[in-house]
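The values are calculated or read from the model by the stated rules, or taken from the named source; none is laboratory data. These numbers were taken from a predicted model, which means no experiment stands behind them. Note that we place each Cβ from the backbone using ideal geometry, even for glycine, and neighbour counts take in every protein chain shown. To get the accessible areas, we keep the full protein, side chains included, count just its heavy atoms, and leave off ligands, DNA and RNA. Shrake-Rupley method; radii C 1.70, N 1.55, O 1.52, S 1.80 Å.
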Amino acid sequence: MVTEGMADIALCLVITKTLLGAWALLSAAEWLANLHLFRSNGLLTRSILRLRPRLVIPASIRHHMHAESTVIAVLICRIVAGLFLLIPYPNPADLPCSLLILLSCFYMSRRTWFGGDGSDQMGMVVAAGVAIISAGLVLDDMNVTASGVLAISGQAVLAYFVAGAAKVASPVWREGNALPGVMKTRTYGHPFAASFAAERPAFCKFVCWLTIGTEMLFPLVLLAPPGLAIASLCCFALFHFSNAYFMGLNAFVWPFLATYPAVMLANSAVRNWIGWI
Amino acid sequence: MSWVSILLYSTVTLWLAITLLAQHSRFQSVINRFNGLHVIPRWTFFAPNPGVRDYHLVIRERYRDGRLTDWRSVPVYPPRPKLAYVWNPQKRASKILTDAIQAIKLLLKRDDVGPSGLPFTVPYLLLLHYAAHAVPAEPDAVEFQFAIIEATGHFERELECSFLSSFHSRW
């Protein structure tokens, strides 16, 4: 029999795994568009990366593990797993599919070494969390599902808080120079935003401090009344959409939004524990 | 509470605690030793030093008689597509270049590597190997070197050479 708590967790799982599935499809497709990087003349050629220290896999197996065909196979597995996760209800495929995505994250981070970003890290976190929550639903064990929720929400809170704390420690951010500096680059910038920011130093300082303040205050979402917490998460979602538009950080949207259902469940648990519900 | 859930709670709590420690530079070298699969994430996005420069690779060659060619750009990644907020595969190549260059800068500061040990490191060899293959060799050129150019600005570009490699044999 599904309890009310389990129903909330099942809803959380559906939203989270759908967003995880979307990220898995996008990230795998973008790596497949970059297969030239893995070839003998590419930036991630195995002939150089095999020289890395602390590679524990024997050289004979490493040769196959680093091959372009293995990369393709892993990415196709990620795509298939992502497609299964888009099924809009909890089902027995969720556990193996999320584990498959998790293993593909480990493989890609090891194979590429360079080129990974925060979306890959959060994708790995969400895949691990979805695997634990799915296992909890299969076992009908509320505590197992709760540990999956703790994993996702805990890493989300850490991610935002640490991002804010690292910025407040930086004079470039505190003085408002980070925004025009980043916007002036072709890699992460935007011509319109760069010209707009160049003439408005006070606005840049305000945006930098707004970013620092909101990121550092993210843990308070766990204590806020549900309506305020949802409104705050909508603002953070807008933040990610604006980063995608202005900075080209398209892949961050999906795994970071995927953490929000777990954050809301953690909000409910924390408020319940304190006695505010 | 089942033993499975106790084990999972303990593992997740430990994971979160190590993640928090890993954000501080004091613990990073120890944690990185055991973090080959990047299980411990780093959440310090664009901080403390945000990337305010674009990186480019350039290459020039030396003929047998000592003459040098002009610098030529090494194509690493095309410009960002207009729909980058939806589809942006180019970011991978630019991130690989940025990561390799950041690693080179760190290795140059290390006492056990420095300028003399740098040519034997993986980030240096990656850029060297890529530069050598991405730009066709000039006929009769016997050696080449690469340089890292840092740039800023969308229209009026400010350029600065931040690293110059030694000459290496073409063959």
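Going through B:Phe46, B:Phe27 one at a time, which residue ends up being closer than 30 Å to A:Ile152 by Cα, of a type in the set (Phe, Trp, Tyr), at pLDDT below 95 and crowded, with 20+ Cβ neighbours inside 10 Å?
Selected residue: B:Phe46, the only one of B:Phe46, B:Phe27 that is closer than 30 Å to A:Ile152 by Cα, of a type in the set (Phe, Trp, Tyr), at pLDDT below 95 and crowded, with 20+ Cβ neighbours inside 10 Å.
Taking the criterion of being of a type in the set (A, V, I, L, M, F, W, C) and at the interface with chain B (Cβ under 7 Å from one of its Cβ atoms), the residues of the stretch A:140-163 that qualify are A:Val144, A:Leu150, A:Ala151, A:Leu158, A:Ala159, A:Val162, A:Ala163.
Would you check if B:Pro81 is closer than 17 Å to A:Arg39 by Cα and surrounded by 12 or more Cβ atoms within 10 Å (Cβ to Cβ)?
On the way: closer than 17 Å to A:Arg39 by Cα: no; surrounded by 12 or more Cβ atoms within 10 Å (Cβ to Cβ): yes.
For B:Pro81, the condition - closer than 17 Å to A:Arg39 by Cα and surrounded by 12 or more Cβ atoms within 10 Å (Cβ to Cβ) - is not met.
Hey, does the stretch B:113-123 have a residue that's within 16 Å of B:Gly51 (Cβ to Cβ) and open to solvent by less than 30 Å² (accessible area, probe 1.4 Å)? No, every residue in the stretch B:113-123 fails to be within 16 Å of B:Gly51 (Cβ to Cβ) and open to solvent by less than 30 Å² (accessible area, probe 1.4 Å).
Residues that are touching a residue at least 24 places away in the same chain (Cβ under 8 Å) and surrounded by fewer than 24 Cβ atoms within 10 Å (Cβ to Cβ) within the stretch A:165-179 comprise A:Ala165, A:Val168, A:Arg174, A:Glu175, A:Gly176, A:Asn177, listed in sequence order.
Does at least one position in the stretch B:128-136 carry a residue that is in a loop (DSSP other than H, G, I, E, B), among the aliphatic types (A, V, I, L, M) and at pLDDT below 95? Within the stretch B:128-136, one or more residues are in a loop (DSSP other than H, G, I, E, B), among the aliphatic types (A, V, I, L, M) and at pLDDT below 95.
The C-beta contact set for the stretch B:47-62 (first residue more than 7 Å from chain A (Cβ to nearest Cβ), second residue open to solvent by 20 Å² or more (accessible area, probe 1.4 Å) and acidic (Asp, Glu), distance under 7 angstrom, 6+ apart or interchain) comprises B:Arg60/B:Asp70; B:Glu61/B:Glu138; B:Glu61/B:Glu143; B:Arg62/B:Glu143. Among the conditions (1) buried (at least 24 other Cβ atoms within 10 Å of the Cβ); (2) closer than 30 Å to A:Ile133 by Cα, the only one that A:Phe161 does not satisfy is (1).
Set side by side, the residues A:Ser134, A:Ser104, A:Ser119 differ, and just one is buried (at least 24 other Cβ atoms within 10 Å of the Cβ), under 30 Å from A:Ile61 (Cα atoms) and among the polar types (S, T, N, Q), which is A:Ser104. Of everything in the stretch A:180-195, what is without any contact (Cβ under 8 Å) to a residue 12 or more places away in the chain, assigned to a helix (DSSP H, G or I) and open to solvent by less than 80 Å² (accessible area, probe 1.4 Å)? Give them in sequence order. Residues satisfying the conditions are A:Gly181, A:Pro191, A:Ser195. Taking each residue of the stretch A:92-114 that is farther than 18 Å from A:Leu19 by Cα and looking for partners that are of a type in the set (Lys, Arg) and not in a helix (DSSP H, G or I) with beta-carbon atoms closer than 9 Å, six or more apart or interchain, yields A:Trp113/A:Arg52. Of everything in the stretch B:127-171 that is among the acidic types (Asp, Glu) and out of contact with any Asp or Glu (no Cβ under 6 Å at 6 or more places or on another chain), the residue that is least open to solvent (accessible area, probe 1.4 Å) is B:Glu143.
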